[in-house]
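Undergrad: The following block contains the structure, expressed as structure tokens.
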Amino acid sequence: MRRFERVYIGGGFQKTRGTEELVLVDPSTEQPAGVLALADEEDARLAVEAAARAFPAYSRSARRERIALLRSLGEAVKARAGDLTEATIREYGGPVEQAKWRAGLAANNFLVAARILEDFAFSRRINEVEVVAQAVGVAVHIVPWNSVYNAISVKMAGALAAGCPVVVKPSEFSACQVDLFTECLHAAGAPAGVVNVVTGRGDVAGAALVAHPEVRKISFTGSTPVGKSIMRSAAERMTRVTLELGGKAPTIVLDDADMTRAASTALSIGFTNNGQACIAGSRILVRRTQVEAFCLALKKALDQVVPGDPADPRTTLGPLVNQRQYQRVQDHIRQGVREGGRLIAGGEGRPAGLERGYFTRPTIFADVTNDMTIAREEIFGPVLCVIAYDDDDHAVSIANDTPFGLHAYVIGADAARARAIADRLDAGRVAINGLSHEPLAPFGGFKQSGIGREYGVYGIEDHLELKAVSSSNL
């Protein structure tokens, strides 16, 4: 088995100082796939100190130097796209086509930031005052396992463009992907200390990073409970935070939609990234008079979903990431049955023909009300709920009746009507008639789905402080 026992600090790889080890498991086979030496508090401290030493020079670096670095990062990731794709398939269980897309997305995040930086305004005049945007300081980025190098790249791109050195704390369940991605970061040639990576547990390395007095910015993607704990810790020193947290996205199917196409679209939205996506449309809202017809269309569309080996190009649904996540999804399926949800597809256990691996049967519940656990909690697996509504106002009311507000979807034939519905939804992004991604548009949540925005100019601005400078003639 391969051992992962290095961190990246101060411009080079070093042996991890932490002694705790984690056995990594292939989610498709449940077989051991490697051993990770977990970074500890000392690794975290050294990484922050390296970033702090780099801050004075890097925060004052020329625009052209940062643009060159961002371009170099994008090209370095492009050069290893095949390796990153393979690691995503093997370690995470991402189907091959999705894995390829993610590698390209990560490279593009750096290249987009480079283009934005070409004419980004770091100062502007307001009468006799100059408003100057300056780098906030050392930034800590804590990223999850479900989209690890996309999360690293989009956060890092904004920080580096702004002039902030970065310490990344990735999930311990992404050791292979992170090791490869860090090699890309190293190949790009960032000045020593500008980029640092320590992979460890959140309650050890992550907690040490969040508590470090030299850290002036924290950007976290993950669960809402952990995000709240980070925010409480950051409040002690008024450290700036960006939190991209959980979701329970509604997909509103309007009554003028073609049921066959709408069902296929809703399934692809709900099962994106094996259902392990904060943006997954896991609540499907359908006009009450059309529920049965829509459920029939869903069952037919489900025939196109192919669970299995993520390396097989025919596969559209891979395994869950680990045993803990598999058990969590199984528990939610049982809870849905206990609370009165009607299974129209799937249920407990693995899909037919898959005896090993953390594969879950693609599951759809009907007769769900919005107060059921499966409609309230983020399940993070291929489990969808069909909820009936009476009219457009009722659909909007149900959609917004959630503590989350990250993403929402509307499917309908009348573009003006769908847009009017979108304008009433409490969500950071709303997609009409499909799942799309615009790297220049802001991404983040309403309510308990987070604070702040990433991508485009918003990711750069999130790493800046504003200073007003005025002068008077004596």
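Undergrad: Looking at the range 96-126, which of its residues are among the small types (Gly, Ala, Ser), farther than 20 Å from Gln276 by Cβ and touching a Leu at 6+ places or on another chain (Cβ under 9 Å)?
TA: Ala107, Ala113, Ala114
Undergrad: Listed residues Val178, Val226; which is at pLDDT 95 or above, crowded, with 22+ Cβ neighbours inside 10 Å, of a type in the set (Val, Ile, Thr) and out of contact with any Cys (no Cβ under 6 Å at 6 or more places or on another chain)? Step through it out loud before you land on a result.
TA: Values: Val226 fails: crowded, with 22+ Cβ neighbours inside 10 Å.
Just one listed residue meets the conditions, Val178.
Undergrad: Looking at Lys169, Lys78, which one is within 21 Å of the chain's Cα centre (by Cα) and farther than 26 Å from Ala207 by Cα?
TA: Lys78
Undergrad: While we're on this one: For the subset of the range 93-110 comprising residues that are of a type in the set (A, V, I, L, M, F, W, C) and crowded, with 19+ Cβ neighbours inside 10 Å, which member is farthest from the chain's Cα centre (by Cα)? Break it down into steps so the answer makes sense when it comes.
TA: Taking the range 93-110 as the starting set, the residues that turn out to be of a type in the set (A, V, I, L, M, F, W, C) are 96, 99, 101, 103, 105-107, 110.
Keeping just the survivors that are crowded, with 19+ Cβ neighbours inside 10 Å gives 96, 99, 103, 106-107, 110.
On the way: Val96: 19, Ala99: 14, Ala103: 14, Ala106: 12, Ala107: 16, Phe110: 16 Å.
Looking at residues that are of a type in the set (A, V, I, L, M, F, W, C) and crowded, with 19+ Cβ neighbours inside 10 Å, I get Val96.
Undergrad: Just checking, does the range 74-81 include any residue being of a type in the set (Val, Ile, Thr) and assigned to a loop (DSSP other than H, G, I, E, B)?
TA: no
Undergrad: Of the conditions (1) assigned to a loop (DSSP other than H, G, I, E, B); (2) within 21 Å of Ala345 (Cα to Cα); (3) free of Cβ contacts under 8 Å to residues at least 60 places away in the same chain, Ala277 clears all except one; give me its number.
TA: Failed condition: (3).
Undergrad: Hey, among Val386, Val410, Val430, which residue is under 20 Å from the mean Cα position of the chain (by Cα), part of a strand (DSSP E or B) and within 17 Å of Lys248 (Cβ to Cβ)?
TA: Result of the check over Val386, Val410, Val430: Val430.
Undergrad: Looking at the range 18-26, is at least one residue charged (D, E, K, R), at pLDDT 95 or above, under 15 Å from Ala208 (Cβ atoms) and not in a helix (DSSP H, G or I)? Explain how you work it out, then say what you get.
TA: Going residue by residue through the range 18-26, those that are charged (D, E, K, R) are 20-21, 26.
Pick out the ones that are also at pLDDT 95 or above and you get 20-21, 26.
Narrowing the set further to residues that are under 15 Å from Ala208 (Cβ atoms) leaves 20.
Those left that are additionally not in a helix (DSSP H, G or I): 20.
Yes, the range 18-26 contains at least one residue that is charged (D, E, K, R), at pLDDT 95 or above, under 15 Å from Ala208 (Cβ atoms) and not in a helix (DSSP H, G or I).
Undergrad: So how many residues does the range 304-330 have that are buried (at least 18 other Cβ atoms within 10 Å of the Cβ) and assigned to a helix (DSSP H, G or I)?
TA: 4
Undergrad: Can you tell me which residues in the range 340-355 are surrounded by fewer than 16 Cβ atoms within 10 Å (Cβ to Cβ), modelled with pLDDT of 95 or more and among the charged types (D, E, K, R)?
TA: Answer for the range 340-355, where residues must be surrounded by fewer than 16 Cβ atoms within 10 Å (Cβ to Cβ), modelled with pLDDT of 95 or more and among the charged types (D, E, K, R): Arg342, Glu348.
Undergrad: Filter the range 232-254 down to the residues that are more than 20 Å from Pro170 (Cβ to Cβ) and touching a residue at least 40 places away in the same chain (Cβ under 8 Å) and list them by number.
TA: Once the filter is applied, which keeps residues that are more than 20 Å from Pro170 (Cβ to Cβ) and touching a residue at least 40 places away in the same chain (Cβ under 8 Å), the range 232-254 yields Arg240, Gly247, Lys248, Ala249, Pro250, Thr251, Ile252, Val253, Leu254.
Undergrad: Keeping to the range 433-444, report how many residues are in a loop (DSSP other than H, G, I, E, B) and either hydrophobic (A, V, I, L, M, F, W, C) or touching a residue at least 24 places away in the same chain (Cβ under 8 Å) (or both).
TA: 8
Undergrad: Name the residues in the range 17-37 that are more than 26 Å from Leu317 (Cα to Cα) and crowded, with 22+ Cβ neighbours inside 10 Å, would you?
TA: Gly18, Leu36, Ala37
Undergrad: With within 21 Å of Ser153 (Cβ to Cβ) and of a type outside the set (Lys, Arg) as the only criterion, which of Leu38, Leu46, Leu22, Leu69 stands out?
TA: Leu69
Undergrad: Return the only residue of Ala57, Ala81, Ala133 being within 24 Å of Gly308 (Cβ to Cβ) and surrounded by fewer than 23 Cβ atoms within 10 Å (Cβ to Cβ).
TA: Going through Ala57, Ala81, Ala133 in turn, the sole match is Ala81.
Undergrad: Show the residue pairs meeting these rules: Cβ distance below 7 Å; 6+ apart or different chains; first residue within the range 92-114 and not assigned by TED's automatic domain parsing to the domain that holds Ser153 and of a type outside the set (Val, Ile, Thr); second residue surrounded by 21 or more Cβ atoms within 10 Å (Cβ to Cβ) and modelled with pLDDT of 90 or more.
TA: none
Undergrad: Something else now. Please verify whether Gly336 is part of a loop (DSSP other than H, G, I, E, B) and either more than 26 Å from Ile421 (Cβ to Cβ) or at pLDDT 95 or above (or both), treating the condition exactly as stated.
TA: no
Undergrad: Still on this structure: Considering only residues of the range 88-138 that are small (Gly, Ala, Ser) and assigned to a helix (DSSP H, G or I), which is nearest to Gly158 (Cα to Cα)?
TA: Ala113
The values are calculated or read from the model by the stated rules, or taken from the named source; none is laboratory data. No experiment lies behind these values; they were computed from the predicted model shown. Glycine gets a Cβ as well: all are built from the backbone with ideal geometry, and neighbour counts include every protein chain shown.
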